[in-house]
Amino acid sequence: MSGPLAVLDTSVLIAALTTRDEDAESRRVVRAAGTGAIQLALSDELLREAVEVVRRKDRHGQIHSASLAFEAGMDLWSHGSMYHPFRLDWPSITDKEDYWVLDLAWAAKVDYIVSLDPHLTTATLPMQIEVLEPYQLIGRLGL
């Protein structure tokens, strides 16, 4: 049985890679992707941003370990599906750099967006997709 389909915002991935807390909610969400408890919608834009931010954080010594980053990458790929959404305009989102999140959510028809960014978690979206923080997804799915 496969879990619900979700877009994992880069903020959650980075939180998972920069914490030393093995049981942090962000790490639990990434591990859930690796076990199939959630399925991930992936896009070129998500992967580009993830690589860019991980490189930047790594240069500043903020990534916990290379093996953890590799494990997270494998978790993303192991139960993810690639989508190639069109770029749309989302006026309810103040950060245009995160339009890709809604583009991907719309194209993939996901169940959830998982984010730590307030401009996503508090936005009124023009679609019926819930935006949850990691702790909310963990509670909702009993992870």
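Would you work out if region 18-84 is rounded, prolate or oblate? Take a ≥ b ≥ c from the square roots of the eigenvalues of the alpha-carbon gyration tensor; rounded if a/c is under 1.5, else prolate when a/b is larger than b/c, oblate otherwise.
On the way: a/c = 2.37, a/b = 1.20, b/c = 1.99.
Oblate is the answer for region 18-84, as a/c is 1.5 or above yet b/c matches or exceeds a/b.
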**Prompt:** Between Leu125, Ala105, Ile38, whose Cα lies farthest towards the positive end of the dipole of the chain when Lys and Arg beta carbons carry +1 and Asp and Glu beta carbons carry -1, centred on the Cα centre?
**Reply:** Ile38
**Message:** Given all pairs of different Cα atoms, what value in angstroms does the Kirkwood hydrodynamic radius of region 78-125 take?
**Reply:** 11.5
**Message:** Tell me the angle of helix 66-78 to the major Cα principal axis of the chain, expressed in degrees between 0 and 90 and rounded to the nearest ten.
**Reply:** 40
**Request:** Using +1 at the Cβ of each Lys and Arg and -1 at the Cβ of each Asp and Glu in region 69-143, identify which of His84, Leu137, Leu116 lies farthest towards the dipole's positive end.
**Result:** His84
**Asked** Extension gain His84-Thr121, at 0.36 nm per residue separation less the Cα-Cα distance, in nm?
**Response** 11.0 nm
**Message:** Within the chain, which is the longest segment that contains none of the trypsin sites (Lys or Arg not before Pro) sitting in a DSSP loop with at most 12 other Cβ atoms within 10 Å?
**Reply:** 21-86
**Message:** Rounding to the nearest 10 and keeping the result within 0 to 90°, find how far the Cα-based axis of helix 44-59 lies from the longest principal axis of the chain.
**Reply:** 40
**Cα shape, region 7-47, gyration tensor, a/c 1.5 rule** = oblate
**Complete:** With all protein chains in place and a 1.4 Å probe, Thr124 shows an accessible area in Å² (nearest 10) of 110
**Item:** Longest to shortest principal axis, alpha-carbon extents of the chain, angstrom
**Value:** 38, 36, 26
**Request:** Using a 1.4 Å probe over the heavy atoms of the protein chains, calculate the carbon and sulfur portion of the accessible area of region 1-126 as a whole percent.
**Result:** 54
**Fill in**
What helix-only [θ] at 222 nm does the chain give? Using -39500 (n - 2.57) per DSSP H run of at least 4, over all residues, to the nearest 500, the answer is -14500 deg cm²/dmol
**Message:** How much accessible area per residue does the chain have, counting only protein heavy atoms and a probe of 1.4 Å, in square angstrom?
**Reply:** 53
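The values are calculated or read from the model by the stated rules, or taken from the named source; none is laboratory data. Just so we're clear, the structure is a prediction, and the values are computed from it rather than from any experiment. Note that we place each Cβ from the backbone using ideal geometry, even for glycine, and neighbour counts take in every protein chain shown. Note: areas computed on protein heavy atoms with side chains; ligands, DNA, RNA excluded. Shrake-Rupley method; radii C 1.70, N 1.55, O 1.52, S 1.80 Å.
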